[in-house]
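Undergrad: This is the structure I want to talk about, given as structure tokens.
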Amino acid sequence: MQKQTQLTKFFSKKAKEQQESPIRTKLNDFVRFKVYIWQMLFCTPPTQEIQGKTENLNAKKKCSNNLDNWIRKSSLQQKKWPFLPKNLMYQIYKFLQLRECATCSQVCKFWMICYNDIYFSYSFFREFETSRFNEKELATVLKRSSKQLKHIKKVRDIIKGQKISSFLEKTELRTMLSDNSQQQGSLLELFKLEPKKQYTSVFLTDKDLNSICKESYKSLQYIQLISCQFMTGKGFEVIGKCSQLSLINIQSNCNLKDENIKIILEQVQELKTLMLLKCDGLTNQVFEIIGNHSKKLERLDIGCNPQLDLIKCSPLKRIESLQSFSIKENIVTNEALEIITTNLYKLHSLNLEGCLEINGYSLLQIQKLNLQRINLKKIQFKEEEIYNFILNTKSIKLLLVNNNLLSTRVEKIILSRQ
């Protein structure tokens with residue numbers, strides 16, 4: 001009996017030592033820390049939330065979905081398990097895909113309500129790109145968000161009549177809200193519509209574009225309309241109402257005429273970048289129009305318009321701010337190049353990609369310009385001609401040529417001079 005008592009004392013002493021050991025203390029502290037972090041992040045311990053779901057099922061059905069009301073009614077709960085600030089929750093959701101936000105919404109009721117609120121948040125959908133959504137997600141956004149968000153309603157009107165799956169497969173649409181999007185006429189800062197595949201067109205009507213420009217005539221700064229074959233030349237003229245535009249990019253439209261460009265440029269005085277590629281309806285008169293009305297232009301791209309005679313481009317010399325000129329895949333003779341180098345001597349960048357008439361003599365003419373960047377891809381040159389050009393043109397910082405090996409050697413020469 002005495003022996004048994006001694007053994008009992010021994011084991012009880014051992015258990016007490018284990019409880020008071022530093023390792024056990026650290027382990028307990030670690031467990032408490034994990035519980036605290038869980039409470040901070042997820043607002044409610046999962047066991048209590050499950051219990052609350054079973055006990056208060058009927059009460060929850062009657063509860064309002066309004067986030068502020070729910071937080072106010074849960075003040076006791078808030079004291080025990082503090083919530084993350086609403087703004088922080090919205091910022092977390094903003095950096096996630098919509099499907100990831102849906103997953104996060106399963107954490108607790110607070111996160112679910114925040115998730116439901118983002119469908120009506122201008123902040124969450126400030127930059128809207130259709131390529132970020134799958135078919136089901138885009139359909140949900142168009143259905144729910146278009147009730148309160150004006151720019152989503154515009155997107156829905158553009159897609160209306162098309163299958164969402166077909167639209168996502170063929171088209172990419174992007175919008176960005178302006179900082180003053182709640183004010184009348186200041187909805188969008190950027191609007192971009194283009195096909196995902198070459199040699200295909202996107203569906204945009206004159207009415208759609210008129211509606212967009214009407215809502216954004218004070219704020220629109222960037223507009224890109226690529227392969228909008230259903231637009232008429234007259235329909236493009238509404239772009240001129242957006243007087244704050246700094247970039248206009250219209251590509252692959254045979255309906256655009258010189259007179260349409262004139263009406264646009266007469267009204268848009270702050271234009272910095274103008275891109276008119278693959279517009280078969282343009283004539284040599286467009287040089288005169290651009291030279292007369294775009295005094296602040298810095299970049300001009302009229303590539304892929306072989307019908308234009310670049311010998312007629314001398315009116316562009318009136319644009320003193322012009323620094324970048326792209327005429328890729330146009331017909332550029334040595335005579336035309338002489339006109340360019342004589343009249344556009346302030347150029348810093350010249351794109352001659354695919355201009356097959358360019359030869360060794362042309363490189364000597366180009367040396368007259370103080371160029372920093374030049375694109376000579378898809379043109380065949382002898383290596384000696386390229387080496388002589390790069391050695392004699394000290395200002396060059398980037399030279400693109402057709403041969404990858406030659407391009408690497410040229411890059412090393414440029415780096416060695418810096």
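The values are calculated or read from the model by the stated rules, or taken from the named source; none is laboratory data. Predicted model, so just to flag it, every value in this text is computed and none were measured. Here the Cβ positions follow ideal geometry from the backbone for every residue, glycine too, while neighbour counts run over all protein chains shown.
Undergrad: Out of LYS295, LYS272, report the one residue that is under 22 Å from the mean Cα position of the chain (by Cα), surrounded by fewer than 22 Cβ atoms within 10 Å (Cβ to Cβ) and touching a residue at least 24 places away in the same chain (Cβ under 8 Å).
TA: Details: LYS295 fails: under 22 Å from the mean Cα position of the chain (by Cα).
Selected residue: LYS272, the only one of LYS295, LYS272 that is under 22 Å from the mean Cα position of the chain (by Cα), surrounded by fewer than 22 Cβ atoms within 10 Å (Cβ to Cβ) and touching a residue at least 24 places away in the same chain (Cβ under 8 Å).
Condition check ((1) assigned to a strand (DSSP E or B); (2) modelled with pLDDT of 90 or more; (3) assigned by TED's automatic domain parsing to the domain that holds LEU220; (4) surrounded by fewer than 17 Cβ atoms within 10 Å (Cβ to Cβ)) across all residues:
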{"position": "ASP117", "(1), (2), (3), (4)": "no, no, no, no"}
{"position": "LYS153", "(1), (2), (3), (4)": "no, yes, yes, yes"}
{"position": "ILE158", "(1), (2), (3), (4)": "no, yes, yes, no"}
{"position": "ASP179", "(1), (2), (3), (4)": "no, yes, yes, yes"}
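Undergrad: So, in the range 223-244, exactly how many residues are basic (Lys, Arg) and within 22 Å of the chain's Cα centre (by Cα)?
TA: 0
Undergrad: Please enumerate the residues belonging to the range 186-217 that are touching a helix residue (DSSP H, G or I) at 6+ places or on another chain (Cβ under 7 Å), over 24 Å from GLU169 (Cβ atoms) and part of a loop (DSSP other than H, G, I, E, B).
TA: LEU187, TYR217
Undergrad: Considering each of THR205, THR171, THR140, THR200 in turn, give the residue that is under 23 Å from GLU100 (Cβ atoms) and among the polar types (S, T, N, Q).
TA: Exactly one of THR205, THR171, THR140, THR200 is under 23 Å from GLU100 (Cβ atoms) and among the polar types (S, T, N, Q), namely THR140.
Undergrad: A follow-up question, please. Taking the range 218-262 as the search range and keeping residues that are hydroxyl-bearing (Ser, Thr, Tyr) and assigned to a loop (DSSP other than H, G, I, E, B), which one is nearest to MET176 (Cα to Cα)? Write out each step before concluding.
TA: Going residue by residue through the range 218-262, those that are hydroxyl-bearing (Ser, Thr, Tyr) are 219, 222, 227, 232, 243, 246, 252.
Okay, now just the ones that are also assigned to a loop (DSSP other than H, G, I, E, B), so 219, 227, 232, 243, 246, 252.
Numbers: SER219: 11, SER227: 20, THR232: 25, SER243: 17, SER246: 15, SER252: 23 Å.
It comes out as SER219.
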